[in-house]
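Report on the structure given below.
The values are calculated or read from the model by the stated rules, or taken from the named source; none is laboratory data. This is a predicted model, so every value here is computed, not measured. Ideal geometry is used to build each Cβ from the backbone, glycine not excepted, and the neighbour counts take in all protein chains shown. Quick note on the areas: whole protein, heavy atoms, side chains included, nothing else; ligands and nucleic acids left out. Shrake-Rupley method; radii C 1.70, N 1.55, O 1.52, S 1.80 Å.
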Amino acid sequence: MTTVVAPAKQLIEDFDPNELVFTRNVRPVELDAEFVGSIKENGLYQPVIAAPHEDGFAIILGNRRAKGSIEAGRNVDLVVRNDLSAEEARIVGQLVENLHRMDMRASEIADAFAQLSIELGLDDEQIATRVAQDPKKVRASIALAAMPKAARSAVDKGTMTLEDAEAIAEFEGDPKAYKRLLETIAKGGTLSWALRKERQKAERAVLREETTRALKSAGVVIVGEPRELSWGGSKEVRLSNLADSDGVALTPENHKSCPGNVAYFNEYQPGDLKATFLCRDPHKYGHQVPFGYRFRSAAQEAAIEAAEQAANERREALKMAAEVRCEFIQELCRSKKVPKGMTRKVLAMLYQAGADESGPEALEFLRVPGDDERADRFGRFIGRMAEARLPLVLLAMVAARGERAMQHVALGHGKKSAAVEWLEFLMDYGYDLTEPEADLIASLRAKIAEAEARAAAKVAEEAEAARQAAAEEPEEQEGEQEDQVPDDEHLEDEGESTGAELVDEQDAETFQEEDDPDAEGSDDHPIAELIRHLEAVADDEPDELNGEAGEGECVVDWEDRYPEISEPIAA
């Protein structure tokens, strides 16, 4: 008859934990929802260790894991230790005999203490008394016995202490943290740092659970951290960056009645774990969003796309209108007679903004032929041009700047008043606006009017503030001011200011600013002074100098008017 000897260790997979015999554990078995939920989702990372028993198999290590698996409805992997005896005398005797041997490894001592705990049901104090050891060492050894080979080997080699093993055992109820710590040991990482990190995570988890409970009781919904929140790309926005429709900053107190009131926990936020409050949809609930808010709903994206398409179509229409307008300018610049009043207006515009001397547009408006240096072509052209028609060259130079202003406005930037002034100039000389140009000038005029209204309101506010400040000054200051009034002699010495220094500060490089609409119409403005001078000169001119002027036109023959310009210059 052949005798079958059972192996020292036997693995049984997918064993029903309900059939196990539970023994007394060195630590009270406490189950929490997170531990059971982790087992339900992932199963156990470590097998349950048991020994043969008269009722089946008795648990040596893994009482908590076995009970958690029962709660989760999951089977366990079971390692059966057929080499363990339940005889107290034999175990204690072997321990007492071998415990102080120098060659006995820490893992072997841990296995022996675990046997006493499991097979005899002794706690750490009882075991310590029987084998004459420190209870702390017994607890640490029992914890080591439940650890995998990598941890046991680390203690045997001295790279990890029994205290470290006991510390790792703290996280047996957190399978993920337990696994991370074991991986740290296997990779030779710094265990003290890893333990500190896991303890901090555990503390924050407890704090989070307490805070979550408090917030839920207050009716606050807890959500995960939205993606792209920090970059302004999520629909949700932190309350600290929001204001209500009246501009009042939002807080958890004044926002709690909003349907979009939620909170999340930033796990990586330094310091104490605190809930960060958000609004789920600030646009929907009428809040003012920060400048960097980039989230757009599908409807908003469609509206933006439609607006961009309309803008592109508008730019294309204005581009075609510019071609028509340029043809009109070319014909105007090629007129045989200078239209009446044009020279005065062109000179006024030159005085305001100068001429565009660098671009080729002026030559195109004049239809100057050739492909050589622009300055040479320009010189030849005006050398052949009649003196009376030279103001048309000035028109072409001003037109180059006016068309540049139109291009900028069509692209959404530039000076609005410059474009309006140029279109109105062309209209004065017979140009009929195209439909896109008519829409453009109406829009520009409306925006200029809005700017003027804002400027006027600001001036009124400042004046009112100054008036109130003056009214609040103490009466004694008025007496002091009366004592400081200078006498007439002093005023005569000072002289009177002519205001001429203000003229030099006028900007001669740009068209009239839109927030100063009355500047040209002012009697003291230098442009008005120039126009008055030109009108005075024109009053001395005959309506017809050479018989070529028609109704509404005046041709000026400068050679007849000033014959001395043709005289040779003496050395």
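Have a look at Glu163, Glu119 and point out the one that is at pLDDT below 75 and farther than 23 Å from Ile39 by Cβ.
Numbers: Glu163 fails: at pLDDT below 75.
On inspection, the qualifying residue turns out to be Glu119.
If you check Leu318, Leu332, Leu395, which single one turns out to be closer than 29 Å to Asp439 by Cβ, in contact with a Cys (Cβ under 8 Å, 6 or more places away or on another chain) and at pLDDT 85 or above?
On the way: Leu318 fails: in contact with a Cys (Cβ under 8 Å, 6 or more places away or on another chain); Leu332 fails: in contact with a Cys (Cβ under 8 Å, 6 or more places away or on another chain).
One residue alone meets the criteria, Leu395.
(1) open to solvent by 20 Å² or more (accessible area, probe 1.4 Å); (2) more than 21 Å from Ile222 (Cα to Cα); (3) touching a residue at least 60 places away in the same chain (Cβ under 8 Å): which one isn't true of Ala302, the others all being true?
Condition (3) is where Ala302 drops out.
Can we say Arg213 is part of a helix (DSSP H, G or I), open to solvent by 80 Å² or more (accessible area, probe 1.4 Å) and touching a residue at least 12 places away in the same chain (Cβ under 8 Å)? Steps first, answer last, please.
Values: part of a helix (DSSP H, G or I): yes; open to solvent by 80 Å² or more (accessible area, probe 1.4 Å): yes; touching a residue at least 12 places away in the same chain (Cβ under 8 Å): no.
The answer is no for Arg213.
Among the listed residues Ala348, Ala399, Ala388, identify the single one that is open to solvent by less than 60 Å² (accessible area, probe 1.4 Å) and either within 25 Å of Ala321 (Cβ to Cβ) or of a type in the set (Phe, Trp, Tyr) (or both). Lay out the reasoning, then the answer.
Details: Ala348 fails: either within 25 Å of Ala321 (Cβ to Cβ) or of a type in the set (Phe, Trp, Tyr) (or both); Ala388 fails: either within 25 Å of Ala321 (Cβ to Cβ) or of a type in the set (Phe, Trp, Tyr) (or both).
Answer to the check: Ala399.
Each row is one residue, and each column tells you yes or no for (1) at pLDDT 90 or above; (2) of a type outside the set (Phe, Trp, Tyr).
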| position | (1), (2) |
| --- | --- |
| Phe277 | yes, no |
| Gln288 | yes, yes |
| Gly292 | no, yes |
| Ala302 | no, yes |
| Ala307 | no, yes |
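Filter the helices (runs of 4 or more DSSP H) completely within segment 1-98 down to those with at least 3 residues that are touching a helix residue (DSSP H, G or I) at 6+ places or on another chain (Cβ under 7 Å), of a type outside the set (Asp, Glu) and modelled with pLDDT of 80 or more. Working first, answer last.
On the way: elements: 33-42, 63-72, 88-98.
Fully inside segment 1-98 and qualifying: 33-42, 63-72.
Can you tell me which residues in segment 174-190 are in contact (Cβ under 8 Å) with a residue 40 or more places away in the chain and either open to solvent by less than 20 Å² (accessible area, probe 1.4 Å) or part of a helix (DSSP H, G or I) (or both)?
So the first thing to find is which residues in segment 174-190 are in contact (Cβ under 8 Å) with a residue 40 or more places away in the chain, and the list is 174-176, 178-179.
Hits for segment 174-190 are Pro175, Lys176, Tyr178, Lys179.
Among the candidates Ala442, Ala451, single out the residue that is open to solvent by 10 Å² or more (accessible area, probe 1.4 Å), under 16 Å from Arg315 (Cα atoms), modelled with pLDDT of 85 or more and of a type in the set (Gly, Ala, Ser). Give the derivation first.
Details: Ala451 fails: under 16 Å from Arg315 (Cα atoms).
Every option except Ala442 fails the conditions.
Restricting to segment 280-299, name every residue that is over 23 Å from Val221 (Cβ atoms) and either of a type in the set (Ser, Thr, Tyr) or in a helix (DSSP H, G or I) (or both). Walk me through it before giving the result.
Keep residues of segment 280-299 that are over 23 Å from Val221 (Cβ atoms), which gives 291-292, 294, 296, 298-299.
Listed by number, the residues that qualify are Ala298, Ala299.
Within the bounds of segment 315-336, is there any residue that is within 25 Å of Met427 (Cβ to Cβ), open to solvent by 60 Å² or more (accessible area, probe 1.4 Å) and in a loop (DSSP other than H, G, I, E, B)?
yes
Would you check if there is a residue in segment 354-371 being hydrophobic (A, V, I, L, M, F, W, C) and in contact (Cβ under 8 Å) with a residue 60 or more places away in the chain? Talk me through it step by step, then tell me what you get.
Going through segment 354-371, the residues hydrophobic (A, V, I, L, M, F, W, C) turn out to be 355, 362-363, 365-366, 368.
Filter once more, keeping what is in contact (Cβ under 8 Å) with a residue 60 or more places away in the chain: none.
Taking every residue of segment 354-371 in turn, none turns out to be hydrophobic (A, V, I, L, M, F, W, C) and in contact (Cβ under 8 Å) with a residue 60 or more places away in the chain.
Which residue is nearest to Ala186 (Cα to Cα), if the candidates are limited to segment 112-141 and must be in contact with a strand residue (DSSP E or B) (Cβ under 8 Å, 6 or more places away or on another chain) and open to solvent by 10 Å² or more (accessible area, probe 1.4 Å)?
Looking at the filtered set, the residue picked out is Gln115.
Considering each residue of segment 403-449, count those that are among the aromatic types (Phe, Trp, Tyr) and touching a Gly at 6+ places or on another chain (Cβ under 6 Å), and give that number. Show your work before the answer.
Looking only at segment 403-449, we keep the residues that are among the aromatic types (Phe, Trp, Tyr), and these are 422, 425, 429, 431.
From the residues that got through so far, the ones that are touching a Gly at 6+ places or on another chain (Cβ under 6 Å) too are 422.
Total satisfying the criteria: 1.
Between a residue in segment 386-407 that is of a type in the set (Asp, Glu) and assigned to a helix (DSSP H, G or I) and any residue that is open to solvent by 50 Å² or more (accessible area, probe 1.4 Å) and at pLDDT below 85, which pairs come within a Cβ distance under 9 Å, given they are 6 or more apart or on different chains?
Glu387/Trp558; Glu387/Glu559; Glu387/Ile565
All but one of (1) at pLDDT below 80; (2) open to solvent by 50 Å² or more (accessible area, probe 1.4 Å); (3) not basic (Lys, Arg) hold for Trp193; which doesn't?
(1)
Could you check Ala362 against (1) under 48 Å from the mean Cα position of the chain (by Cα); (2) farther than 17 Å from Ala419 by Cβ; (3) surrounded by fewer than 19 Cβ atoms within 10 Å (Cβ to Cβ); (4) not basic (Lys, Arg) and say which number it fails?
(3)
Filtering segment 197-210 down to residues that are under 31 Å from the mean Cα position of the chain (by Cα) and open to solvent by less than 70 Å² (accessible area, probe 1.4 Å), which residue is farthest from Thr184 (Cα to Cα)?
The selected residue is Leu207.
Answer yes if at least one residue in segment 142-158 is open to solvent by 20 Å² or more (accessible area, probe 1.4 Å), part of a loop (DSSP other than H, G, I, E, B) and farther than 26 Å from Gly43 by Cβ, and no otherwise.
Initial filter on segment 142-158 (open to solvent by 20 Å² or more (accessible area, probe 1.4 Å)): 146, 148-150, 152-153, 156-158.
If we keep only those that are part of a loop (DSSP other than H, G, I, E, B) as well, we get 146, 148, 158.
Right, trim to farther than 26 Å from Gly43 by Cβ and you get 158.
Within segment 142-158, one or more residues are open to solvent by 20 Å² or more (accessible area, probe 1.4 Å), part of a loop (DSSP other than H, G, I, E, B) and farther than 26 Å from Gly43 by Cβ.
Among (1) within 28 Å of Glu41 (Cβ to Cβ); (2) in a loop (DSSP other than H, G, I, E, B); (3) open to solvent by less than 90 Å² (accessible area, probe 1.4 Å), there is one condition Arg227 misses while meeting the rest; what is its number?
(3)
Which condition number does Met427 fail, the rest of (1) hydrophobic (A, V, I, L, M, F, W, C); (2) within 19 Å of Arg315 (Cα to Cα); (3) open to solvent by 40 Å² or more (accessible area, probe 1.4 Å) being met?
With (1) hydrophobic (A, V, I, L, M, F, W, C); (2) within 19 Å of Arg315 (Cα to Cα); (3) open to solvent by 40 Å² or more (accessible area, probe 1.4 Å) applied to Met427, the lone miss is (2).
Can Ala167 be described as open to solvent by 30 Å² or more (accessible area, probe 1.4 Å), hydrophobic (A, V, I, L, M, F, W, C), part of a helix (DSSP H, G or I) and in contact (Cβ under 8 Å) with a residue 24 or more places away in the chain? Talk me through it step by step, then tell me what you get.
Numbers: open to solvent by 30 Å² or more (accessible area, probe 1.4 Å): no; hydrophobic (A, V, I, L, M, F, W, C): yes; part of a helix (DSSP H, G or I): yes; in contact (Cβ under 8 Å) with a residue 24 or more places away in the chain: yes.
No; evaluated as a whole, the condition is false for this residue.
Looking at segment 230-258 only, could you name the residues that are farther than 17 Å from Val289 by Cβ and either open to solvent by 80 Å² or more (accessible area, probe 1.4 Å) or modelled with pLDDT under 80 (or both)?
The answer is Glu253, Lys256, Ser257.
Mind checking whether some residue in segment 366-382 is in a helix (DSSP H, G or I) and under 30 Å from Ala438 (Cβ atoms)? So that I can check it myself, show each step before the final result.
Initially, segment 366-382 is screened for residues in a helix (DSSP H, G or I), giving 366, 374-382.
Of the ones still in play, those that are also under 30 Å from Ala438 (Cβ atoms) are 366.
Yes, segment 366-382 has at least one match.
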